[in-house]
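Notes for the one structure printed next.
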Amino acid sequence: MTSTLTISHLTKRFGGVEALSDVSLSVEPGQRVALLGHNGAGKSTMMKIILGLIPFDGGAVTVCGATPGSAAARAQVAYLPENAAFHPALTGEEQIRHYLSLRGERPAQALDLLARVGLEGAATRRIGTYSKGMRQRVGLAQALIGKPRLLVLDEPTSGLDPVSRRDFYALLDDLAAGGTAILLSSHALTEVEARTDRILILSKGRLMAQGTLSDLRRAAALPVAISVAPASGQKAALAAALPMARANGDGRLHLDIAQGDKLAMLARITGLPQVADLEVIPPSLEDIYSHFSRRDGQ
Amino acid sequence: MNRILSTAGVEFRIALRNRWVAIAVALMVVFALVLAAAGAAPTGDIGADRLSVIVASLTSLAVYLVPLIALLMSFDAIAGEVERGTLPLLLTYPVSRAEILAGKLLAHLAILTLAVAAGYGAAALAAFWMDPASAAGLPALLRLVASSVLLGATFLGAGYGLSALARRPSGAAGLAVGLWLGAVVLYDLVLLALVVSDGGGALTTQALPVALLANPADAFRLFNLAAAQASAAAGGMGGAAAAIPLWQSALSVALWPVAALALAIAAFRKVSP
């Protein structure tokens, strides 16, 4: 299987600052990949390079078997910019008709596309009167034109309400099922966890981690938190039996256990007579994300 | 070609909604009619028909108005896309920068042609109403329309170039005003000062024709005055127009749009979104 997008040892400098250093990755057809990172981590820079909007300094990038920005690549790649903007004097339908013509598609599909993103009612209104979420949907509609082989989405769900987000990811699932590779950037791991096949974490221009969520969880090896509730009147006795536990104001005892010690510790706690209940709290997605995005330079 | 036409259609619609079409047409019609009315006073002994006289006045008007309208329509073309944030998305489409500019040019040129035709047409109607012999001036009028469109194309191209260089609409507007003042007003003043101080020396006979041909606005004036029978009525430049062969001014009028567009495309290619 040939990858839709291949990046190897990509380096990009702005002045003396390395915006991307030695980034390598590939995206296969039908794969949904999330690109995570703080502001300034290099997400947008990487996307602009993939789209051929800006040049790069080192490494190699292949998009659908072609050079980024070449006519062949542009014909097969669709883009949704962060804060999609359009000319305010045009209606949604006119704007989409124009984009269809630019891609060599029939302009008559415009209403159909707008209906797919729930904008059929506003098609004849000027974009200047649209809300931010509606503009974002126009952006999404134009990205759906002509079955692209690679979809590059920069913060696609910013400005969308939760219901629209769900519809949006459902659209992506359809596209991916048809073989479109999807690369989307986001700030939040919680949002993309169930909706993407693979996660890339970018920090200060370096690719810190990549893999499925469980790969990342394993690689991070963050401690598991265990919260133990003592039986009534047994708090002091339980604290004596578990000297490494911290007592919080909630009357429970808390322990942080390395992944490998988890089962042994659980067995030990459940064997204690003073225990009324216990909860195991795996590291949160945000913890895993912070772990990878902060590791650099510490 | 489809991509260029679609771009042109969108740009025309935008200009229509921003009232650029109405403004350009109204401006040309009002000024042309005013000139036609004012030109009605000195008549009879020039030995030319009314329309030829009006064409001479319209030439002087077009030299100022056509570049102004062209620059007003074009200064926002690229800087506006940069400011609105619409350029990066557009550039990811399978459309070349030259095609984008060609589409914009087509739309803006159509508007300019509309304005010029409406303005000159109104003046011509007035001329026919006053003097039935005006048919003799029709070829001059057609030449004026054609050369006005070419002059417009030159300054549209220049406006796109400045728009790409400035990358911000406010900066582009400043550059456009500067270009208009420089090319249309100051250039002639400087030449005039040189000619006066030279007193008919080598500067006037050798350098002046080249300097006039090098400026698209002056070449436009020369072309129309030399071609028309009414150069005597135009005064001022009439002498210079007679000294420079028609083919030279025609060539300058025809080549400038090509050069301006080539520069605009080169400047646009340097814009990184």
Taking amide H positions as placed in the peptide plane 1.01 Å from N, state which residues far from residue A:20 in sequence (5 or more) or on other chains have amide H under 5 Å from it.
-> A:12
Using a ≥ b ≥ c from the Cα gyration tensor of the range B:2-269 (square roots of the eigenvalues), is it rounded, prolate or oblate, where a/c under 1.5 gives rounded and otherwise the larger of a/b and b/c decides, a/b for prolate?
-> oblate
Whole-Å semi-axes of the range B:109-199's equivalent ellipsoid (Cα gyration tensor) = 32, 22, 10
Express in whole angstrom the spacing between the alpha-carbon centres of the range A:200-236 and the range A:105-146.
-> 41
For the pairs A:43/B:104; A:147/B:104; B:104/B:270; A:132/A:204; A:43/A:262; A:132/B:270, note any where the Cα-Cα span goes beyond 25 Å.
-> A:43/B:104; A:147/B:104; A:132/A:204; A:43/A:262; A:132/B:270
Fewest-first ordering of B:29, B:53 by Cβ atoms within 10 Å yields B:29, B:53
Helix B:50-74 axis, angle to chain B major axis (alpha carbon atoms, nearest 10°) = 20
The size of the Cβ-based charge dipole (Lys, Arg +1; Asp, Glu -1) of chain B about the Cα centre, to the nearest 20 debye, is 900
Of A:61, A:208, A:145, which is farthest along the charge dipole of the range A:5-218 in the positive direction, counting Lys and Arg as +1 and Asp and Glu as -1 at C-beta?
-> A:61
Mind checking the dipole of the protein assembly as shown: about its Cα centre, +1 per Lys or Arg Cβ, -1 per Asp or Glu Cβ, Debye to the nearest 20?
-> 640
Under the Karplus relation with 6.51, -1.76 and 1.60 and θ = phi - 60°, whole-Hz ³J(HN,Hα) for the range A:177-188, x at Gly and Pro, equal 4, x, x, 6, 7, 10, 10, 10, 9, 7, 8, 10
Using alpha-carbon pairs under 8 Å, 6+ residues apart, how would you state the relative contact order of the range A:5-218 in percent?
-> 30
So what is the calculated 222 nm ellipticity per residue for the protein assembly as shown, using -39500 (n - 2.57) for each DSSP H run with n of 4 or more, over all residues, to the nearest 500 deg cm²/dmol?
-> -17000 deg cm²/dmol
Karplus-derived HN-Hα couplings along the range A:65-70 (A = 6.51, B = -1.76, C = 1.60, θ = phi - 60°), whole Hz, x at Gly and Pro = x, 10, 6, x, x, 6
Per the Kirkwood definition applied to all pairs of different Cα atoms, how many angstroms is the hydrodynamic radius of the range A:223-282?
-> 11.4
Within chain B, what's the longest run with no trypsin sites (Lys or Arg not before Pro) in a DSSP loop and at most 13 other beta-carbon atoms within 10 Å? Give the range, please.
-> B:20-269
Lys/Arg +1, Asp/Glu -1 at C-beta; chain B dipole; positive extreme among B:262, B:61, B:199 | B:262
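Could you tell me whether the protein assembly as shown comes out rounded, prolate or oblate from its Cα gyration tensor? Rule is a ≥ b ≥ c as square roots of the eigenvalues, rounded for a/c under 1.5, then prolate if a/b exceeds b/c, otherwise oblate.
Cα axes put the protein assembly as shown in the prolate bin.
Note down the magnitude of the dipole of the range A:1-126 about its Cα centre, charges +1 on Lys and Arg C-beta and -1 on Asp and Glu C-beta and zero elsewhere, to the nearest 20 debye.
Numbers: 12 positive and 10 negative charges, 37 e Å.
In total the dipole reaches around 180 debye.
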Projected onto the charge dipole of the range B:50-193 (unit charges on the beta-carbon of Lys, Arg, Asp and Glu, signs +1, +1, -1, -1), the Cα from B:74, B:181, B:124 with the largest positive-side position is that of B:74
What share of the DSSP beta bridges in the protein assembly as shown is antiparallel, in percent to the nearest 5?
-> 65
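None of the figures in this text is laboratory data; all of them are computed from the coordinates on show. Since the structure is predicted, the reported quantities are computational estimates derived from the model, not experimental observations. Backbone-built Cβ (ideal geometry, glycine too); neighbour counts: all protein chains shown.
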